[in-house]
1. Hey, among B:R324, B:R317, which residue is basic (K, R), open to solvent by 50 Å² or more (accessible area, probe 1.4 Å), in the same structural domain as B:G257 (by TED's automatic domain parsing) and closer than 18 Å to B:E259 by Cα?
2. Going by what's in this entry, would A:L159 be described as within 30 Å of B:V143 (Cα to Cα), within 16 Å of ligand 1 (Cβ to nearest atom) and within 14 Å of another protein chain (Cβ to nearest Cβ)?
3. Go through A:D153, A:D189, A:D114, A:D136 for me and flag whichever is more than 16 Å from ligand 1 (Cβ to nearest atom), within 14 Å of another protein chain (Cβ to nearest Cβ), over 19 Å from B:T252 (Cβ atoms) and touching a residue at least 12 places away in the same chain (Cβ under 8 Å).
4. Go through (1) closer than 26 Å to A:L158 by Cα; (2) more than 12 Å from ligand 1 (Cβ to nearest atom) and name the single condition A:A26 misses.
5. Exactly one of these conditions fails for A:C19: (1) within 20 Å of A:R168 (Cα to Cα); (2) away from ligand 2 (no atom under 13 Å from the Cβ). Give me its number.
6. Look through A:S195, A:S147, A:S188 and report the one residue that is more than 20 Å from B:G258 (Cα to Cα) and surrounded by fewer than 21 Cβ atoms within 10 Å (Cβ to Cβ).
7. Return the residue satisfying two criteria in turn: it lies in the range A:80-93 and is in a loop (DSSP other than H, G, I, E, B), open to solvent by less than 50 Å² (accessible area, probe 1.4 Å) and within 16 Å of ligand 2 (Cβ to nearest atom), and of such residues it is nearest to A:G2 (Cα to Cα).
8. Condition test on B:Q156, is it out of contact with any Gly (no Cβ under 8 Å at 6 or more places or on another chain), within 14 Å of another protein chain (Cβ to nearest Cβ) and touching a residue at least 60 places away in the same chain (Cβ under 8 Å)?
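The values are calculated or read from the model by the stated rules, or taken from the named source; none is laboratory data. As the structure is a computational prediction, the values presented were derived from the model and not from experiment. Counting neighbours? That spans all protein chains shown, and the Cβs are built from the backbone with ideal geometry, glycine included. Please note that ligands, DNA and RNA were not included when accessible areas were found on the heavy atoms of the full protein model with its side chains. Shrake-Rupley method; radii C 1.70, N 1.55, O 1.52, S 1.80 Å.
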Amino acid sequence: MGRIIVITSGKGGVGKTTCTANLGTALAKIGRSVALMDADFGLRNLDLLLGLENRVVYTALEVLAGQCRLEQALVRDKRQRDLVLLPAAQNRNKDSVTPDQMKQLAYALTKKYDYVLIDCPAGIEMGFQNAIAAADEAIIVTTPEISAVRDADRVIGLLEANRVKNVRLIINRIRPAMVQANDMMSVSDVQEILSVPLLGIIPDDEKVIVSTNRGEPLVLSEEASLSKLALQNIVQRLEGKEVELLDLNAPYDTLLARLRRFFKSK
Amino acid sequence: MQSNRASEASLSETNLPETSLTGISLPEGEPSEVGLSEAELVQVELAQVELAQVELAEISISEPERSHLKQATPQQATSQSSAALLGIQSGRLPGVQQAGLSPALLASPAERAAQGGHIFFKAEKGVLYLYLPSNQTAVEWSVIWEQLQHRLEASQRIWPPQTPVYLVANDRLLDQRQLDQLAVALSNAHLILRRVLTSRRQTAIAAVTSGYSVDQQLPTLGLPAIASPAASRVAALTSPELVLAEPLYLETTLRSGGEVRHPGSVVVVGDTNPGSAIIADGDILVWGRLRGVAHAGAQGDRDRQIMALQMEPTQLRIADQVARAPAKPPNQVYPEVAYTTPEGIQIMRAADFAKQYSKQSGK
Ligand SMILES: Nc1ncnc2c1ncn2[C@@H]1O[C@H](COP(=O)(O)OP(=O)(O)OP(=O)(O)O)[C@@H](O)[C@H]1O
Ligand SMILES: [Mg+2]
């Protein structure tokens, strides 16, 4: 039986889809079989990030309506044979699916795949309820901004109310230089409020945007980068391995900054 | 608390003249006025006018740094109190009435909860009564559901396993699916749904179909069952004190969007995060960080206090007073108490407050 993990945030545009695409790809790269479910009905773009848009024929809706079999709707990744995508319908709204139907789909996928990752839409309405219905685990994605953290907190509360117990946090788009200048919330600032275990931190990196636009997840790029390493570490932690948190400060470190940190921590 | 409940119970057995209750049919949507005689209504209105004038005269004051007060000894703090509000911006809350004036005073805790749109638990003789918000509050099922989940989670250790639950649904329409959801949620918390009390035919049918015992409530009474409204109303009239529910004890982190309302005091063992709110008719005690909104004495009782190990609230409210925390959080943290003075809400170190309070009150 595969694990069902929902990737959610509350606030929009913080990197849920980016994380889903990259974590799915990275898991497939280390040999796991992975199904990605796009739960963002009406605003799907997981297929775009994976560069699979032109292969989508059927969506979850046709499966639910009995117009095709589940296997037919799954889009196989062109690079990773063990990665498939169940696309969301583009032309219907979020209310066209129910939580029970989402469960049905996700449970069917767990029979064949080690991981079922669900890309949740922003907000806490029906689309959110659908996305979390089947999940046993949740990954909260937030950026180090007050509003994103506030929404993340709200979502964690809702997950608790819905008995999703295993909730972990990714802090995305950290800019170490800004944190050091006290212009951005630090990892511990965020953690202090959310108080859920940290799954990983990802620096703000324009390579992420470039890869998004290319439809090629960053974890597949040849080039080494901190953000790629960050995503790979997250996958290791998902697999239950202990990996130290990245030191995002390293490339920016100056003696002065180090001294300042030293005195601050006193 | 014990004594309150005892008096409520004994009153309900007395035969009371029900003149103000029977024969008056009131417009829907104004349940809080049910049973008030016309003379009483006029009194309430007059009193509110006076209050409104007082409100106008009050100006919010901005203050010296909170740290001053923190260092002040209790005596100094008292002498300063006319000027200083501990770095807090304080003011008056429109719409909240002072003690003794609120029509809601006349309702029992369960009624206040139902009219306030939140769920309410009450344990009595080995049975746990779960009150649902009145239909008139237009609170959606999903909201009730969320409240219930959080409450069950946070109160896990309080109710013994296998405690039977009587659901007091009142005028709320419940279908079978919702009843089953409730039963599952309760059984996850090791509680058993046994009986459904409802004034709605459809809910009764759904409950019977799902196999629960059903008590039909009289629709006109709104909230009968345990303490009849007439009895609790007279209890409130005869004693000037608000009848408080037993304190609500929650072991949880109260997160953004989470709101706890309780017709008594609230104890939270855990943090309350920005974006959360506790609204209590009694005191509020947070054994952790208080960062959200806290409103004590929400029915207008100014003698209520808000206590926290770490006081960093978005906003504090006691009765009709409001205070905003200083922009800068303090450097040191120690337990603090917020209380009211004629000038507004003040905060004091808990250690100092304890000294002063025991000296002054002598009660
Ligand atoms: N670590 C990062 N560094 C730089 N840009 C990033 C990073 N993570 C995400 N982005 C960019 O942020 C934008 C939003 O990302 P994404 O679509 O993954 O967010 P989302 O949470 O799925 O949004 P929505 O709520 O609309 O579904 C994209 O343009 C993406 O490239
Ligand atoms: Mg997205």
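1. Working: B:R324 fails: closer than 18 Å to B:E259 by Cα.
Unique residue meeting the criteria: B:R317.
2. no
3. That would be A:D189, the only listed residue that is more than 16 Å from ligand 1 (Cβ to nearest atom), within 14 Å of another protein chain (Cβ to nearest Cβ), over 19 Å from B:T252 (Cβ atoms) and touching a residue at least 12 places away in the same chain (Cβ under 8 Å).
4. (1)
5. (2)
6. Every option except A:S188 fails the conditions.
7. A:P87
8. Numbers: out of contact with any Gly (no Cβ under 8 Å at 6 or more places or on another chain): yes; within 14 Å of another protein chain (Cβ to nearest Cβ): yes; touching a residue at least 60 places away in the same chain (Cβ under 8 Å): yes.
So B:Q156 fits the description; yes.
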